[in-house]
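Worksheet: one structure, shown below.
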Amino acid sequence: MIALHIFFGLMILVGVIMTSVSFQGDTEKLTKLQKFSLIFTTSAIGLTVVAVTAVSSSIYIAFAMLVALALYEYYAFLRKASQK
């Protein structure tokens, strides 16, 4: 049962990364609600991974993952297309 939980969690994580990469640079075409829901969904899944890491292994690794998540969200969604 734990192996299935890990497997499905990894599938969700890969799906979020693929979704973010596919929308990278095209978020200006989305409405504000669509953009918010995309950022909210990827952030929620990323923060879940950070929280589980903080509880199960190390707060320092979780902090590094949190910084990486913030940078990822910025470069994937919030940076303007002209800054590329």
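The values are calculated or read from the model by the stated rules, or taken from the named source; none is laboratory data. As the structure is a computational prediction, the values presented were derived from the model and not from experiment. Ideal geometry is used to build each Cβ from the backbone, glycine not excepted, and the neighbour counts take in all protein chains shown. Surface areas here come from the heavy atoms of the whole protein model, side chains and all, with no ligands, DNA or RNA. Shrake-Rupley method; radii C 1.70, N 1.55, O 1.52, S 1.80 Å.
Criterion first (surrounded by 13 or more Cβ atoms within 10 Å (Cβ to Cβ) and of a type in the set (S, T, N, Q)) does Gln24 satisfy it? Yes, satisfied. You will find that of Val16, Val55, Val67, the residue that is surrounded by 12 or more Cβ atoms within 10 Å (Cβ to Cβ) and among the hydrophobic types (A, V, I, L, M, F, W, C) is Val16 and no other. You will find that of Ile39, Ile2, the residue that is loosely packed, with under 10 Cβ neighbours inside 10 Å and without any contact (Cβ under 8 Å) to a residue 60 or more places away in the chain is Ile2 and no other. Pairs are defined by a Cβ separation below 7 Å, a sequence spacing of at least 6 or placement on different chains, a first member in the stretch 48-73 that is farther than 27 Å from Gly25 by Cα, and a second member that is open to solvent by 60 Å² or more (accessible area, probe 1.4 Å); the pairs so defined are Thr53/Ile61; Thr53/Met65.
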